[in-house]
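I'd like to ask some things about the structure below.
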Amino acid sequence: MSGPTLLKESGPREVFCGLTSIVWLHRRMPDAFFLVVGSRTCAHLIQSAAGVMIFAEPRFGTAILNERDLAGLADAQEELDRVAKELLQRRPEIRTLFLVGSCPSEVIKLDLSRAAERLTDELQGRVRVVNYSGSGIETTFTQGEDGALAALIPFLPSSDERQLLLVGTLADAVEDRLVHLFNKLNINAIKSLPPRQSTDLPAVGPGTTVLLTQPYLTTTARLLKDRGARVLTAPFPLGAEGSRRWMETAARDFEVDEAQMDSVLSPLMERAQIALAPHREVLKGKRIFLLPESQLELPLARFLQRECGMELVEVGTPYLNRDQMAEEIALLPEGTPVMEGQHVELQLDRVRESKPDLVVCGMGLANPLEAEGIATKWSIELVFSPIHGIDQAGELAELFSRPLRRHQLLTH
């Protein structure tokens, strides 16, 4: 069977942990609070990674466990209860409290699922308390969102209503635009997970069609299937082509006429080609190596190769759900090395040997590679940028053309 070459390696990784997802999740749900349960190291990560981006009073914090607690010598349950209750007393607007484990329960000696149930009972429904793991031992940084959404699914009401459920955090303006376009395709019953208010949870059931906006929501998709929803398989909405195929997949599920699809989407595609043109001039023929971190790597590789003319040296991804990514894999050129997992030293050896024009990687690897004269793009920036949809194709391409232009200026 032709197609990309699917490979796998294991070893030391270089990725952000799942706690980082709090940065975009807390913006999405202003009535939610994320309480990280862990050590001072985790508190410093949240303060440095998220604090610089937040100018209002934040909706995240840390319940720091000291060495005595981590050794299981102190009653950490009582301490956690005290911190949570003080927080809720001080912040009465909180409606959902996420307890986020910074380490596996075996390490912090604390069962956060039991703590969440106990606090929910004590608060008598005034605040919903849920938990998930953001541990770097167990998760990469985008998997934190998967954990948070999966934790909400047991609380979703049931409904047989025919509806489209968009799953995954998007910038509000991007989501509004996509909803507007679906409305023009006569798809009007549209809900979102996560919702803009944590208490406004969508109902799900046999009438629900799920369209994933992000490729890293594997557990969430499985749990929604268990609730009776149907999860569509489509390319993800990155780039003009992927976004169009993504929308058409939903439209066909709702039996929208092909002519209507074309009348709504073709003008957008024409504008996207105009927006892409100056960036394609910079990117065409350039060689790119995507190191695994965000799980956005396959859709990005497909966009950069098919719409921007880049050559794919290697496409890494932390985890590969072959069913969920089938449409993306099918669109990659034959023989493209797709590497699941990471042995960071071996991958860096391949980067140095192949001498790509651009490397997409985490912040911890970017500066050393730049020092070696290799242009880089931070993968984390892609998660914070409004890059989804046909309208955003030009902005997405610019995120890759900009570092190449900068590198050219610095080296000439």
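The values are calculated or read from the model by the stated rules, or taken from the named source; none is laboratory data. Note that the structure is a prediction, hence the values are computed from the model and not measured. Neighbour counts are summed over all protein chains in view; Cβ atoms, including those assigned to glycine, are modelled from backbone coordinates with ideal geometry. The accessibility values were calculated without ligands, DNA or RNA, using every heavy atom of the protein model including side chains. Shrake-Rupley method; radii C 1.70, N 1.55, O 1.52, S 1.80 Å.
At a Förster distance of 41 Å, what's the computed FRET efficiency of Asn367 paired with Arg196, Cβ-Cβ distance as r, to 0.05?
Details: r = 36 Å, r/R0 = 0.88.
Working from the Cβ atoms, E equals 0.70.
Determine the per residue accessible area of the chain with all protein chains present and a 1.4 angstrom probe, expressed in square angstrom.
Numbers: 17500 Å² over 412 residues.
That works out to 42 Å² per residue.
Carbon and sulfur: what percent of the chain's accessible surface (1.4 Å probe)? Before the final figure, lay out each step's value.
Details: 8840 of 17500 Å².
Answer for the chain is 51 percent, counting heavy atoms of protein chains only.
Another one. Using a Cα-Cα cut-off of under 23 Å, which lysines could be cross-linked to Lys85, ignoring same-chain neighbours fewer than 8 residues away?
Those lysines meeting the cut-off are Lys109.
Also: Rounded to the nearest 0.05, what FRET efficiency do Glu281 and Arg162 have when you use their Cβ-Cβ distance and R0 = 51 Å? Don't jump to the answer; show the numbers that get you there.
Numbers: r = 45 Å, r/R0 = 0.88.
Step by step, r from the Cβ atoms, then E = 0.70.
Counting only other residues whose beta carbon sits under 13 Å from that of Gly205, what net charge do I get with K and R as +1, D and E as -1? Write down the numbers at each step before the final one.
Numbers: positive: Arg162, Lys191, Lys225, Arg227, Arg230; negative: Asp160, Glu161, Asp226.
Net local charge, Gly205 excluded: +2.
Between Glu255 and Arg406, what is the label-to-label distance in nm when each label sits 7 Å out along the Cα-to-Cβ direction?
5.1 nm
With respect to the cross-link table entries Lys284/Lys355; Lys184/Lys225; Lys286/Lys377; Lys184/Lys377, which display a Cα-Cα separation exceeding 24 Å?
Details: Lys284/Lys355 16 Å; Lys184/Lys225 27 Å; Lys286/Lys377 14 Å; Lys184/Lys377 36 Å.
From Lys284/Lys355; Lys184/Lys225; Lys286/Lys377; Lys184/Lys377, over 24 Å: Lys184/Lys225; Lys184/Lys377.
How high is the relative contact order of the stretch 272-411? Use alpha-carbon pairs under 8 Å, at least six apart in sequence, and give a whole percent.
Details: 201 pairs, mean separation 40.1, N = 140.
Here the relative contact order equals 29 percent.
Averaging the inverse of every distinct alpha carbon separation and then flipping it gives the Kirkwood radius. What is it for the stretch 359-412, in angstrom units? Kindly include the intermediate steps, with their values, before the conclusion.
Details: mean 1/r = 0.0839 Å⁻¹.
Final number for the Kirkwood radius of the stretch 359-412 is 11.9 Å.
Related question: What shape does the stretch 163-259 have by the C-alpha gyration tensor, where a ≥ b ≥ c are the square roots of the eigenvalues, rounded means a/c under 1.5, and otherwise prolate means a/b greater than b/c and oblate the rest? Don't skip to the answer; put the middle values down first.
Details: a/c = 1.35, a/b = 1.26, b/c = 1.08.
Rounded is the answer for the stretch 163-259, as its axis ratio a/c remains below 1.5.
Run the helix sum for the chain: -39,500 (n - 2.57) per DSSP H stretch of 4+ residues, divided by residue count, reported at 222 nm to the nearest 500 deg cm²/dmol.
Working: 17 runs with 184 residues, N = 412.
Mean residue ellipticity at 222 nm (helix-derived): -13500 deg cm²/dmol.
Lys and Arg at +1, Asp and Glu at -1: add these up for the other residues within a Cβ distance under 15 Å of Ala326 and post the number. Working shown, then result.
On the way: positive: Arg245, Arg302, Arg322; negative: Asp323, Glu327, Glu328, Glu340.
Net local charge, Ala326 excluded: -1.
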